[in-house]
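K.L.:
One structure follows; several queries about it will come next.
Every number in this text was worked out from the coordinates using simple rules, so none of it is lab data. All values derive from a computational prediction rather than experimental measurement. Every residue, glycine as well, gets a Cβ built from its backbone with ideal geometry; the counts of neighbours run over all protein chains shown.
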Amino acid sequence: MTYKIPLPPTPVLETERLILRPLEARDTPAIQRIFSQWEVVKHLHASVPWPYPDDGAATNMAQCLDDRAKGLKFYWAITVRGSDELRGRIDLAAFDPERRDGRGFWLDPLLHGQGLMTEAADAVTDYAFRTLAYPWLYLTNSTANTASGRIKEKQGAERAYVEPRQYVSGPGEAQVWRLTREAWLARRAG
Ligand SMILES: CC(C)(COP(=O)(O)OP(=O)(O)OC[C@H]1O[C@@H](n2cnc3c(N)ncnc32)[C@H](O)[C@@H]1OP(=O)(O)O)[C@@H](O)C(=O)NCCC(=O)NCCS
């Protein structure tokens, strides 16, 4: 297997309705505005501060840019074609066989339910398997987060196990999925 370490520069990924571009410091105000909503954070890990502090996005942005500089993760701003403004975020971790949260995402609630994150997740997943040749991805969401789980299910991921986890909304259960390169390529071919 060939894993490209350190990570290559974050590429621009295009889908039918979206352009995923590298996250930049200028996205901080949009993140502060969109991310600081209960609808966005309720199913996220309890390490996300709530109520969301005024400097929450700036603190997180510094961490993201540092992770990217160290080659730990790709971060994309999700933009809708026709506007360069961030409307959500998606990330992909460098391949690590021990890692269980290989990809993360959130989207402006105004855009939920239109299949947009399915589109973004497909583009990032295709990049991971086809371009970077990851052998598998482990993915995690709260069992209560039906939409997030459904995206994984539609991609051909299989449930691996569940475990207790603390979420912003309180104690819950994490659902861990495994998606293999073989399953992904077979699905895309078929
Ligand atoms: C999870 C999230 C990114 C989904 O984004 P989205 O663009 O609305 O998702 P999609 O429109 O692509 O929908 C994905 C699937 O979930 C289904 N779905 C969406 N909301 C649902 C709900 N409340 N209950 C059941 N199914 C739901 C959709 O119908 C779709 O399945 P389908 O194609 O079979 O119909 C979005 O809800 C979000 O940003 N949530 C807050 C942050 C978050 O929880 N991130 C994930 C952490 S693991």
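K.L.:
Taking only the range 36-47 into account, find how many residues are among the hydrophobic types (A, V, I, L, M, F, W, C) and more than 9 Å from the ligand (Cβ to nearest atom).
P.N.:
Narrowing the range 36-47 to residues among the hydrophobic types (A, V, I, L, M, F, W, C): 38, 40-41, 44, 46.
Add one more test, that the residue is more than 9 Å from the ligand (Cβ to nearest atom), and what stays is 38, 46.
Qualifying residue count, the range 36-47: 2.
K.L.:
Name the single residue, out of those in the range 69-82 being in contact (Cβ under 8 Å) with a residue 12 or more places away in the chain and among the charged types (D, E, K, R), that is surrounded by the fewest Cβ atoms within 10 Å (Cβ to Cβ).
P.N.:
Per the criteria, the residue is 81.
K.L.:
Take residue 121 and tell me if it is touching a strand residue (DSSP E or B) at 6+ places or on another chain (Cβ under 9 Å), farther than 24 Å from residue 94 by Cα and aliphatic (A, V, I, L, M). Explain how you work it out, then say what you get.
P.N.:
Values: touching a strand residue (DSSP E or B) at 6+ places or on another chain (Cβ under 9 Å): yes; farther than 24 Å from residue 94 by Cα: no; aliphatic (A, V, I, L, M): yes.
Criteria not met by residue 121.
K.L.:
Among the residues of the range 135-173, count how many are away from the ligand (no atom under 13 Å from the Cβ) and assigned to a helix (DSSP H, G or I).
P.N.:
0
K.L.:
Also, quick follow-up: Pick from the range 83-121 the residues that are over 15 Å from residue 12 (Cα atoms) and more than 14 Å from the ligand (Cβ to nearest atom): which of them is surrounded by the fewest Cβ atoms within 10 Å (Cβ to Cβ)?
P.N.:
98
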